[in-house]
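The values are calculated or read from the model by the stated rules, or taken from the named source; none is laboratory data. For clarity, every value in this text was computed on a predicted model and none was experimentally measured. Here the Cβ positions follow ideal geometry from the backbone for every residue, glycine too, while neighbour counts run over all protein chains shown. To get the accessible areas, we keep the full protein, side chains included, count just its heavy atoms, and leave off ligands, DNA and RNA. Shrake-Rupley method; radii C 1.70, N 1.55, O 1.52, S 1.80 Å.
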Amino acid sequence: WPAPRHRHNFDQIRFPINGAFEYTKGTTLPAGWVGYFPEGAYYGPQLRQPGLQMLVIQFGGAGGSGFLSEGQMRQARTALHERGAFVDGVFTWADDKGKKHNQDGFEACWEESMGRKLEYPAPRYDGQIKMNPENFAWIDDRECQGVAHKWMGTFTERDIRMGFSRLAPGASLPVGDHNAPEFLFLAKGAVAVNGKRYGLHS
């Protein structure tokens, strides 16, 4: 499905697994690459081709706007459907005088849920950042034998860090001790956590 040119008041990390993600006309994020989509920076029109499989992580950015839950989004859309319609990512409605208005769909939902006008943070980066993991070197972990990392970037004053970790058979890696939320996605192979096995794409 297509989506118009837009921006968000939250951050995104995108990791295409199968297929390429066209996030601006003629510009794609290939499978296996990592994209950082910072808050406040415009992108689009985007097009999701059939067969695209992509991990998308969305979270409140350094601007402090937070992130609406799925439940909050559903409630806002239900309320807005009583006044207008969503078409291709745009919310359209008519005011009391019959004048038609268009608004970005997410923006309309955010304002409905929060009860105030959405103010976008000034973009810290001039657009999206595409990273090709193939061009980064594996660096051995000094404390964990059999573990190596590809750290691809740390962004904003909130220390948003992203990269890959590789474990040799029998190696172990402690997680959850960094005083910050962590999200781990299994891109290859399988791992065991507390005796339970987790497979591909866990």
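Table: residues versus (1) closer than 29 Å to TYR23 by Cα; (2) open to solvent by 100 Å² or more (accessible area, probe 1.4 Å); (3) touching an Asp or Glu at 6+ places or on another chain (Cβ under 6 Å).
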residue: ALA122; (1), (2), (3): yes, no, no
residue: TYR125; (1), (2), (3): yes, no, no
residue: ALA137; (1), (2), (3): yes, no, no
residue: PHE164; (1), (2), (3): yes, no, no
residue: PRO174; (1), (2), (3): no, no, no
residue: PRO181; (1), (2), (3): yes, yes, no
residue: LEU184; (1), (2), (3): yes, yes, no
residue: GLY189; (1), (2), (3): yes, no, no
residue: LYS196; (1), (2), (3): no, yes, no
Strands (runs of 3 or more DSSP E) lying entirely in the range 1-100 (those with 3 or more residues that are under 14 Å from the mean Cα position of the chain (by Cα)): 10-18, 34-37, 53-60
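Which of the residues spanning the range 101-111 are open to solvent by less than 60 Å² (accessible area, probe 1.4 Å) and either over 24 Å from the mean Cα position of the chain (by Cα) or not charged (D, E, K, R) (or both)?
HIS101, GLN103, GLY105, PHE106, ALA108, CYS109, TRP110
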Can you tell me which residue in the range 60-81 is least open to solvent (accessible area, probe 1.4 Å), limited to those that are farther than 26 Å from THR156 by Cα and small (Gly, Ala, Ser)? ALA76
Looking at (1) of a type in the set (A, V, I, L, M, F, W, C); (2) free of Cβ contacts under 8 Å to residues at least 60 places away in the same chain; (3) open to solvent by 30 Å² or more (accessible area, probe 1.4 Å), can you tell me which one LEU55 breaks? (2)
